[in-house]
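Nothing in this text is a laboratory measurement; each read-out follows from the coordinates by a stated rule. This one's a predicted model, so the numbers in the text were calculated from it and none came from an experiment. Methodologically, a virtual Cβ is constructed for each residue, glycine included, from the backbone with ideal geometry; neighbour enumeration extends over all protein chains shown.
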Amino acid sequence: MYRKRDKGFSLLELLVVIVIISILFTFTTLAIRGTSPEELIQTEAQRLDRLLQLALEEAILKGQEYGLEFKPDSYRFVLYFENTWQPLDNDDLLRERQLPQNMELELEIEQIEVLVEKDSTDADKKDEEKPDPQVFILSSGEITPDFSVRLVMPGVETSYIVSGTANGEHKAEISDL
């Protein structure tokens, strides 16, 4: 005669529950773990370098001139169209990018430090929408003038520099403060 078990769980049932709990624990740990400031700086530097590469390729392929405008808390690519610089608001990749909170940029153009500051007057706020790029990405494959931008966070010893030269070379690399 067959006797029904009323007590406990089988080994297989316990193993399934343990696997499910461990998977949930792993996802929870990954979701809770924050990104370190060093990783944020590295990610943003690599993003800027890749977007610079994309803009350079588009400039060459489309025969159009692009610009790169830096602001204290953001940067954006602009397009030279009909004798004026136009923001690329409808471009999902080359749109304006906000820097993560507390991240700052230090811009050098041809080895001269350039102060990037916020506009403060109402007249300047109207002109704020009008692009004024500091770096030009030309359809000839050139990036002019030579530039470097250091991405830093106060209190963090790691920084990254994204640079570009007249022959179209660019790179993102870790640097010392």
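A few remarks follow.
- Two-site label geometry, Ser36 and Arg95: point separation in nm, points 7 Å out along Cα→Cβ: 3.1
- Candidates Lys62, Lys130, Lys71, ranked by Gaussian network fluctuation over the chain, Cα under 10 Å, top entry: Lys62
- Taking the chain as a Gaussian network of alpha-carbon nodes connected by springs under 10 Å, the highest mean-square fluctuation of the residues Glu96, Glu13, Glu110 belongs to Glu13.
- Dipole magnitude of the chain about its Cα centre (Cβ charges: Lys, Arg +1; Asp, Glu -1), debye to nearest 20: 1860
- Nitroxide proxy distance, nm - points 7 Å out along Cα→Cβ at Ile112 and Glu173: 2.5
- Residues whose amide H falls under 5 Å from that of Val116, counting only those 5 or more places apart or on a different chain, are Leu107, with hydrogens built in the peptide plane.
- Three-way shape call for segment 41-85 based on the alpha-carbon gyration tensor, with the a/c threshold at 1.5: oblate
- For the options Thr84, Thr29, Thr43, a Gaussian network treatment of the chain with springs between C-alpha atoms closer than 10 Å singles out Thr29 as fluctuating the most.
- By the count of other C-beta atoms within 10 Å, a proxy for reagent exposure, Phe70, Phe9 are ordered fewest to most as Phe9, Phe70.
- The slack between Gln64 and Val156, meaning 0.36 nm per residue of separation minus the straight C-alpha distance, is 29.3 nm.
- For the chain, lysine pairs separated by 8 or more sequence positions, or belonging to different chains, with Cα-Cα distances below 19 Å total 6.
- Shape analysis of the chain places it in the prolate category; the axes a ≥ b ≥ c from the Cα gyration tensor give an a/c of at least 1.5, with a/b above b/c.
- Vicinal HN-Hα couplings computed from phi for segment 146-152 (Karplus, 6.51 cos²θ - 1.76 cosθ + 1.60; Hz; Gly/Pro x): 4, 9, 8, 10, 9, 9, 9
- Cβ-based charge dipole, the chain, positive-most Cα from Gly67, Ser175, Ser140: Ser175
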